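First the structure, in the form of structure tokens, and then the observations on it.
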Amino acid sequence: MSCTSRGRGWGTTPPNAPPAGPRIAGDFSSSFLRPQIYAVPEDAEQMIQSFTIETPVGYPGWRLYFYSSNFEQNSIIHTRIKLMETHYKNYVMKYDFVDIHKKGYFQIMAKILQLDEDLQRDWPTLRDDIQTNPYKTMTIMALAMQTLALEAAIGAHSGIGKSDECNHVPRTAKPRKIYIRPEGFLVEQPMEQIPLMEIDQLYCVRGVVKSMGDVEVYASWVAYKCSRCKQDQALRQGDLQPNRPTSCKTLGCMAKQGFIEMRSSPFTRLKVKQTIELTEARLDALHYEDTSIDYCLEAELNYDLVDSVVIGEEVVMTGVLKMRSLQEVAGGRQMKVYLKVCSTTKAERAPHHFNEADIQAITTINGTADSFKLLVHSLAPEVYGHEVVKAGALLSTIGGSGSQLHDEEEINVLLIGDPGVGKSRIAKICAQISQKGALIRSKQNLAGCGPKLTVAVKGRSNSILESGGLLRANRGHCAIDDIDRLSSQQDALISLMQAQLVAIPTVAIYANLKASASVIATANSMHGHYDQSKLLTNNIRISPALLNEFHLIFLMLDKPNKEGDAIFSEHVRAVHGGFKKNTTIMNKFNTLPKFNNTASEKDLSVENIERTDLIERLKLRADEGEELDLIPTILLKKFITYARQQVKPLFVADATEHLQKFYMEIREQQQSEEDALSINSGHLAGLIRLCQARARIDFSTEVTKAHVYDVISLVKYSNADIKLGDYIENNPSRNLQAMATTSQLARNSSSGSAPRGNAKKFLQMLQMRSKALCRRIFEYDELKDMATRVGITCGVSNLIDTINYQGLLLKKGPNMYELVDE
């Protein structure tokens, strides 16, 4: 064998190489000075430009894996290949040789290798070798599998030929390179430790696919045959132009040209490559902090791994850390680290792992007197006085457990109110503690410097897809701050929340991507302060169709209250003074878990549960202010993730009956009051998921009546906030004459005009608007707008004429009316 190479063989060290220095943390801009970087064993194989094709006896695919090493009988490599062949034969039920030869790759599990005692005895350093010297170890494993798979494929083809009645001669199975996909050899490691790692070591990381490039296909090796001596050789191809051999490798053959390109040779190899970018998705990492750093890692997919992931998907990737050569990086002044992926695992098949301290802390939280109240107050503790709002946001982050047919978890929550009440803070914390969260700030989105809502197309040829907030939060939560500012994207958001699909119709790409994310959004009132005398749709710039997609809508108003302001100031002093610490939960590990803490065992009767008010129970009493130990944000995230992974509650018969009864009541109430927000089957699904989330907090396997009553109290509180009639009835006008003549107005109105209740509300609203604006003269369009707000859509002219006839509204000119002040 003859080969041309400027590199060294496996495991060799240059004679004058300096000793390996200590690991240096930081940037890799000067890491080429480290011997472990430029003297890795892979360099010898990468710098081989050509080799003579030869097939040792028993290993026809030797040159597909070892370019420079000759086959030696009974060497260390040969011995370990034999060990792996024996392992594959002993565990033949785990490996389908014919199918592996057809696919070109196979998975090898660490737990299966650990079951083979003979392999562990004869190769005790196998697990360490695959971590420190992954390419050589995986090459040995792959070559052993390639040899057995090729034999099985030839045997299968020969069997088909013998049984064929038409005496068909089967096509001979050719050797092909088979790739190994290791799984379970490493635990997930943080991206911040990459500068401390050595190049060409195995590395495992969990992340979300942030961007994805186009697929590149090119010839990496091309086989040629000498026209004189018929000797085959393979030549590595360059990136810019193809390389052709200039001489023959056979000793004595002087051929300089006339080499035949063999495109059907197994040594003519096409390389398929795709570059993606990962963002970290660890449990112990909090994103969207002002001082946090979002680590990203570039990864390279090859061959069967190409298009195996989509943007926004959470995956666990195992690969080898590599560095791009200087000429491949733009500018050529630094070396970029990337991960050459060997295997990918979906997040559904690789759940998060919890250590013993995490389990003990989660058990302590579940064992407190009222874990639901503790969790609610630990969510954004600086926001005080909105416990019910935080309870709804907490249930959304927990999510539903789905059904037997679907895994639907979405619970959409909308927070509306005055500026400075803590809406954005709650949404930000929800994005942090969610198992898979994303945060979209509408101000940054409109300025073009923040993440997009769905997807962005980048690159010179528009071939790079970058995931937006909703895709990045797939099967998680997307917090949208100031959703009312995204008026141009509300239609797209409505279709996405309904169909849970994102369509990308561009010139170069067309795709439909899954985006089933729960939305926790905030919105400010239209004029800076929420006007409770107006309908909800007249206070915010959100369409009614988008409002109907939210399962919970809360108002967060800044109302002056002497007692409440005093308690709030004391709460702020306690939080900033350090009186409410987060130490007790981390230190108490001796409390046993319980499965339902909504009420005690003696209070589980229906009558006692109905008397239990969720709003009053969530309020912080004066005697427990300093005794309540809040949960740290990182532990709150782990508690939510553990509950989502482990608890799948089912409904009991009584709970289903009470939930169905409540749903029928709100449906009838909607028909009688003609509310602006419709109640449909989507809201019923939201009620079911809210009950499942409430049961998950208690780690209960069943959804009980107590959980249903908590959710009913929450929904009633949400519905009461957004109703105009409740505010008007609680703030009646002092005009007794107007209230006395309401029945007469309804009797005198013609058919098709407003009902009695709406006419009363119209007159009361007219009087309140007059006092608020300090004027009594209104135009006809203003009167019509106020009538629309109270639900009068037809017969407005007849109503105005009736009030004018009663002497309560005087006509002052064309389309001008004056309210009579009694």
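The values are calculated or read from the model by the stated rules, or taken from the named source; none is laboratory data. All values derive from a computational prediction rather than experimental measurement. All Cβ positions, even for glycine, are placed from backbone atoms using ideal geometry, and neighbour counts span all protein chains on display. Surface accessibility is based on the protein's heavy atoms, side chains included, excluding ligands, DNA and RNA. Shrake-Rupley method; radii C 1.70, N 1.55, O 1.52, S 1.80 Å.
At a glance:
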{"read-out": "Gain on full stretching of the segment that runs from Asp118 to Lys619 - 0.36 nm per residue minus C-alpha separation", "value": "174.0 nm"}
{"read-out": "Net charge of Cβ neighbours under 15 Å - reference Met141; Lys, Arg +1; Asp, Glu -1", "value": "+2"}
{"read-out": "Local net charge near Glu409, Cβ-Cβ under 9 Å (Lys/Arg +1, Asp/Glu -1)", "value": "0"}
{"read-out": "Label-reachable residues, the range 487-503, where backbone N falls under 20 Å from a point 7 Å from Lys514's Cα toward its Cβ", "value": "495-503"}
{"read-out": "Long-range HN-HN contacts of Phe651 with modeled amide H, under 5 Å", "value": "Val703"}
{"read-out": "R0 of 51 Å, Cβ-Cβ distance Arg263-Leu501: FRET efficiency to nearest 0.05", "value": "0.80"}
{"read-out": "By accessible area with a 1.4 Å probe, ligands and nucleic acids excluded, highest first: order of Met254, Met317", "value": "Met254, Met317"}
{"read-out": "With DNA, RNA and ligands ignored, accessible area of Val421 (1.4 Å probe; Å², nearest 10)", "value": "20 Å²"}
{"read-out": "Protein accessible area in the range 191-262, 1.4 Å probe - carbon and sulfur %", "value": "50 percent"}
{"read-out": "Exposure rank, largest accessible area first [Arg541, Arg689; 1.4 Å]", "value": "Arg541, Arg689"}
{"read-out": "Length gained when the stretch Ala456-Asn74 is fully extended (0.36 nm per residue, less Cα-Cα span)", "value": "131.9 nm"}
{"read-out": "Accessible area per residue, Å², the range 256-315 with all protein chains present, probe 1.4 Å", "value": "47 Å²"}
{"read-out": "Asp558 long-range amide H proximity, modeled H, under 5 Å", "value": "Asp418"}
{"read-out": "Sum of side-chain charges, Ala695 neighbourhood, beta-carbon under 12 Å (Lys, Arg +1; Asp, Glu -1)", "value": "+2"}
